[in-house]
Amino acid sequence: MADPNELLPVGKIIGTHGIKGLLKVFSYSGNIQSLHAAKIVFMKGKDGVLREYGITRVSPHSSGFILGLDDFSDINQVLPLVGSELCLERSQLPVPDEDEYYWCDLLGLSVQTDTGTTLGTIVDIFETGSSDIYVVRGEQKEYLIPAIADVIDSIDLPGKKMVITPLDGLLDL
C-alpha cells in the first residue's frame, strides 16, 4: 500500500457513467496524462479508508474523465465509490516546472506581505478563467489572493511560507 503522505488528490468521483461500472471523475487539474500512464489509482472513501484499484480505462469527458477499474463491470458495484477522492502517488506524477506547484503543496502555507505582515494560511484554492485564487484565512479576515506574478513574490515549500506584494486595494476587499 502507498504511503498516504505521498499521495496527491487528482480528482473526485462525482457519479457513474452508464451501467457497465464506469465512473465520472471531476479532475482537479484537467490533465489526464498522469492517469493514462498510471497502472493503479488510490481512492479515499467517504469513510476515510484508502483503497487501491487497477485502472482499465481513462478517457476525457466533459470537465473531467471517465474511469474504468479492474474487477468492476456493473453500476451497482461502483455506486459506493461515488464521493471518493481519487489520488495518485507523487512518483506517478510529472515533476512540476519551475514556479509551478501542486495545490496540495500550497495548502497550509503561511502567507505574509513583503512588509512582514502575516495574513493567514492558504485554506483553499480555486480556478478562474485567468488564474488560480488562493483563499487565505487570517484570525479576523479572509483574503482572496490571485496567483499572478505581480502579486506572488516567493514560495518556500520547505519553510511553508508564501510572500506576496498586494496590489493596491487587494487586502481591503
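Couple of notes before you dig in:
- Test: residue in segment 67-74 that is farther than 18 Å from Cys104 by Cβ and either within 18 Å of the chain's Cα centre (by Cα) or at pLDDT below 90 (or both): yes
- Filter result for Arg57 (closer than 19 Å to Leu7 by Cβ and either more than 15 Å from the chain's Cα centre (by Cα) or hydroxyl-bearing (Ser, Thr, Tyr) (or both)): no
- Sole exception among (1) assigned by TED's automatic domain parsing to the domain that holds Leu50; (2) surrounded by 11 or more Cβ atoms within 10 Å (Cβ to Cβ) for Val151, by number: (1)
- Note on segment 91-120: residues that are of a type in the set (Val, Ile, Thr) and either surrounded by 17 or more Cβ atoms within 10 Å (Cβ to Cβ) or within 28 Å of Ala37 (Cα to Cα) (or both) total 2.
- If you go through segment 72-84 and keep only what is crowded, with 19+ Cβ neighbours inside 10 Å and in contact (Cβ under 8 Å) with a residue 60 or more places away in the chain, you end up with Val78, Leu81, Ser84.
- Long-range neighbours under 6 Å by Cβ, at least six apart or interchain, first residue under 16 Å from Asp70 (Cα atoms) within segment 30-49, second assigned to a helix (DSSP H, G or I): Ala38/Gln92
- Take the conditions (1) part of a helix (DSSP H, G or I); (2) in contact with a strand residue (DSSP E or B) (Cβ under 6 Å, 6 or more places away or on another chain); (3) of a type outside the set (Asp, Glu); Pro80 misses just one of them, which is (2).
- Hits in segment 115-166 - residues which are charged (D, E, K, R) and either part of a loop (DSSP other than H, G, I, E, B) or touching a helix residue (DSSP H, G or I) at 6+ places or on another chain (Cβ under 7 Å) (or both): Glu139, Lys141, Asp150, Lys160
- Segment 45-68, residues that are in a loop (DSSP other than H, G, I, E, B) and of a type in the set (D, E, K, R): Lys46, Asp47
- With respect to (1) at pLDDT 90 or above; (2) farther than 16 Å from Leu8 by Cα; (3) buried (at least 16 other Cβ atoms within 10 Å of the Cβ), the lone exception for Gly64 is condition (1).
- Qualifying residues in segment 12-44 (those that are modelled with pLDDT of 90 or more and outside any strand (DSSP E or B)) - the one nearest to the chain's Cα centre (by Cα): Gly21
The values are calculated or read from the model by the stated rules, or taken from the named source; none is laboratory data. Owing to the predicted nature of the structure, the values given are computational and were not obtained by experimental measurement. A quick note on method: Cβ atoms are made from the backbone with ideal geometry, for glycine too, and the neighbour counts reach across all protein chains shown.
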